[in-house]
Protein chains: 2
Amino acid sequence: MTTTTETSRHETRIEADPNLPTVRIIREFDAPVELVYRARVDPELVAQWMGPRSIDMDIEKWDLRTGGEYRYTALRGGEEVAHFYGSVHRVWENRKIVQTFGFEEMPEAVSLDTLELHDLGDGRTRLEIVSVVYDMESRDAMLASGMEVGVNEGYQALDELLARQAGTGA
Amino acid sequence: MTTTTETSRHETRIEADPNLPTVRIIREFDAPVELVYRARVDPELVAQWMGPRSIDMDIEKWDLRTGGEYRYTALRGGEEVAHFYGSVHRVWENRKIVQTFGFEEMPEAVSLDTLELHDLGDGRTRLEIVSVVYDMESRDAMLASGMEVGVNEGYQALDELLARQAGTGA
């Protein structure tokens with residue numbers, strides 16, 4: 001199954017492998033690898049774009065180094081709606097992050113996520129994330145959770161953040 | 001595929017799912033859950049049993065808490081042969097550990113491992129570990145790596161450690 005959604009001028013592809021319990025997300029950005037990477041590992045930047053627009057992130061920990069961890073609360077209108085966390089298996093600066101992902105509201109649910117950044121030249125970057133879980137039912141539940149809203153709206157906000165950084169030369 | 005190997009008086013089962021990129025290890029121990037758990041999280045105890053008999057562990061870090069990490073070197077006759085590491089997604093004391101597993105010699109290889117301890121009563125415990133990787137080829141490579149030597153010899157040494165602890169009332 002492939003879900004393709006128009007977001008700003010780039011599409012986000014969310015693909016489910018027919019034979020493996022994986023989800024692949026593919027998205028391009030009009031910004032160099034270093035800026036996309038920094039927007040993913042700097043907690044002050046992350047808080048400006050990640051997740052649905054209706055959600056604010058209260059980041060308790062965001063230590064994206066090999067052996068690190070992260071933890072944050074999602075808030076809607078000041079109310080806590082979910083608590084996310086994970087551990088960081090390994091980081092290759094400006095290239096790749098391998099981490100786990102979970103949330104307190106379903107403590108048994110966990111995925112192993114690999115994020116890779118590919119330099120497309122001309123200051124453009126392709127982000128690919130592959131998540132694996134333990135069985136097809138969990139993978140299908142992940143897809144049915146409405147994750148595409150947070151993914152699409154988050155990447156639109158990231159487009160805007162990256163454009164502002166380019167505008168200011170930051 | 002199921003590999004069953006006689007080790008002391010308990011068998012270790014190593015099972016590969018035909019349809020998922022997972023490996024399941026199942027082993028019973030004649031010791032209560034609390035002692036098996038402690039032998040897995042206390043680095044001084046871990047160094048006494050984990051891995052093949054021919055290998056010594058030089059543990060640099062063994063922080064088995066939610067958000068923790070571990071890192072160790074495997075030595076044979078004083079020579080470094082491999083460097084293992086991972087991050088700890090979540091720990092439920094005396095019950096469950098979810099962590100990643102990797103090694104420097106194949107930096108792209110990673111698995112997500114869930115270890116669970118089940119109380120069988122009468123001071124006996126069943127350990128179940130399920131590891132998932134990103135594809136069937138990686139799973140088959142894991143099985144072909146000779147992992148069963150370390151698993152079987154390690155659990156035999158753990159049997160002996162647990163018996164010594166019972167003998168001393170520790």
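The values are calculated or read from the model by the stated rules, or taken from the named source; none is laboratory data. These numbers were taken from a predicted model, which means no experiment stands behind them. For neighbour counting, all protein chains shown are included, and Cβ atoms are generated from backbone atoms with ideal geometry for every residue, glycine included. SASA here: full protein model, heavy atoms, side chains in, ligands and nucleic acids out. Shrake-Rupley method; radii C 1.70, N 1.55, O 1.52, S 1.80 Å.
Please go through segment B:85-102 and pick out each residue that is surrounded by 15 or more Cβ atoms within 10 Å (Cβ to Cβ) and not small (G, A, S). Steps first, answer last, please.
Narrowing segment B:85-102 to residues surrounded by 15 or more Cβ atoms within 10 Å (Cβ to Cβ): B:85-91, B:94, B:96-102.
Hits for segment B:85-102 are B:Y85, B:V88, B:H89, B:R90, B:V91, B:N94, B:K96, B:I97, B:V98, B:Q99, B:T100, B:F101.
Would you be able to tell me the number of residues in segment A:1-16 that are open to solvent by 20 Å² or more (accessible area, probe 1.4 Å) and either within 14 Å of another protein chain (Cβ to nearest Cβ) or modelled with pLDDT of 95 or more (or both)?
2
From A:A47, A:A82, which residue is surrounded by fewer than 16 Cβ atoms within 10 Å (Cβ to Cβ) and over 15 Å from the mean Cα position of the chain (by Cα)? Even if it seems obvious, please write down each step before you answer.
Working: A:A47 fails: over 15 Å from the mean Cα position of the chain (by Cα).
Within the list A:A47, A:A82, the selection yields A:A82.
Do we have any residue at all in segment A:68-90 that's in contact with a helix residue (DSSP H, G or I) (Cβ under 7 Å, 6 or more places away or on another chain), closer than 28 Å to B:L112 by Cα and without any contact (Cβ under 8 Å) to a residue 24 or more places away in the chain?
Checked against the condition, which is being in contact with a helix residue (DSSP H, G or I) (Cβ under 7 Å, 6 or more places away or on another chain), closer than 28 Å to B:L112 by Cα and without any contact (Cβ under 8 Å) to a residue 24 or more places away in the chain, segment A:68-90 yields no hits at all.
Please go through segment B:50-80 and pick out each residue that is within 27 Å of A:W62 (Cβ to Cβ) and of a type in the set (A, V, I, L, M).
Initial filter on segment B:50-80 (within 27 Å of A:W62 (Cβ to Cβ)): B:60-72.
The answer is B:L64, and nothing else.
So for segment B:136-151 (the condition being within 14 Å of another protein chain (Cβ to nearest Cβ) and open to solvent by less than 30 Å² (accessible area, probe 1.4 Å)), does at least one residue qualify?
yes
Report, by residue number, each residue of segment B:17-30 that is within 14 Å of chain A (Cβ to nearest Cβ) and part of a strand (DSSP E or B). So that I can check it myself, show each step before the final result.
Start the filter on segment B:17-30 by keeping residues that are within 14 Å of chain A (Cβ to nearest Cβ), which leaves B:17-24.
Selection gives B:T22, B:V23, B:R24.
Going residue by residue through segment A:109-127, is there one that turns out to be facing chain B (nearest Cβ under 9 Å), assigned to a strand (DSSP E or B), at pLDDT 95 or above and open to solvent by 20 Å² or more (accessible area, probe 1.4 Å)? Give the derivation first.
Quick first cut of segment A:109-127, residues facing chain B (nearest Cβ under 9 Å) only: A:110-112, A:114.
Still in the list and also assigned to a strand (DSSP E or B): A:111-112, A:114.
Still in the list and also at pLDDT 95 or above: A:111-112, A:114.
If we keep only those that are open to solvent by 20 Å² or more (accessible area, probe 1.4 Å) as well, we get none.
No, every residue in segment A:109-127 fails to be facing chain B (nearest Cβ under 9 Å), assigned to a strand (DSSP E or B), at pLDDT 95 or above and open to solvent by 20 Å² or more (accessible area, probe 1.4 Å).
Residues to consider are A:T73, A:T66; find the one that is at the interface with chain B (Cβ under 10 Å from one of its Cβ atoms), more than 14 Å from A:E128 (Cα to Cα) and of a type in the set (S, T, N, Q). Explain how you work it out, then say what you get.
Values: A:T73 fails: at the interface with chain B (Cβ under 10 Å from one of its Cβ atoms).
Result: A:T66 is the single residue among A:T73, A:T66 that is at the interface with chain B (Cβ under 10 Å from one of its Cβ atoms), more than 14 Å from A:E128 (Cα to Cα) and of a type in the set (S, T, N, Q).
Taking the conditions exactly as written (out of contact with any Lys or Arg (no Cβ under 6 Å at 6 or more places or on another chain), of a type in the set (D, E) and outside any helix (DSSP H, G or I)), does A:E137 satisfy them or not?
Details: out of contact with any Lys or Arg (no Cβ under 6 Å at 6 or more places or on another chain): yes; of a type in the set (D, E): yes; outside any helix (DSSP H, G or I): no.
For A:E137, the condition - out of contact with any Lys or Arg (no Cβ under 6 Å at 6 or more places or on another chain), of a type in the set (D, E) and outside any helix (DSSP H, G or I) - is not met.
Within the set of pairs 6+ apart or on separate chains, which have a first residue in segment A:107-121 that is free of Cβ contacts under 8 Å to residues at least 60 places away in the same chain, a second that is surrounded by fewer than 20 Cβ atoms within 10 Å (Cβ to Cβ) and in a loop (DSSP other than H, G, I, E, B), and C-beta atoms under 7 Å apart?
Close Cβ pairs satisfying both conditions: A:E116/A:R95.
Which ones in segment A:53-107 are farther than 25 Å from B:R95 by Cβ and among the basic types (K, R)?
Across segment A:53-107, the qualifying residues are A:R53, A:R65, A:R76, A:R90, A:R95, A:K96.
List the number of the failed condition for B:M106; all other conditions in (1) in a strand (DSSP E or B); (2) open to solvent by 30 Å² or more (accessible area, probe 1.4 Å); (3) of a type outside the set (S, T, N, Q); (4) more than 7 Å from chain A (Cβ to nearest Cβ) hold.
(1)
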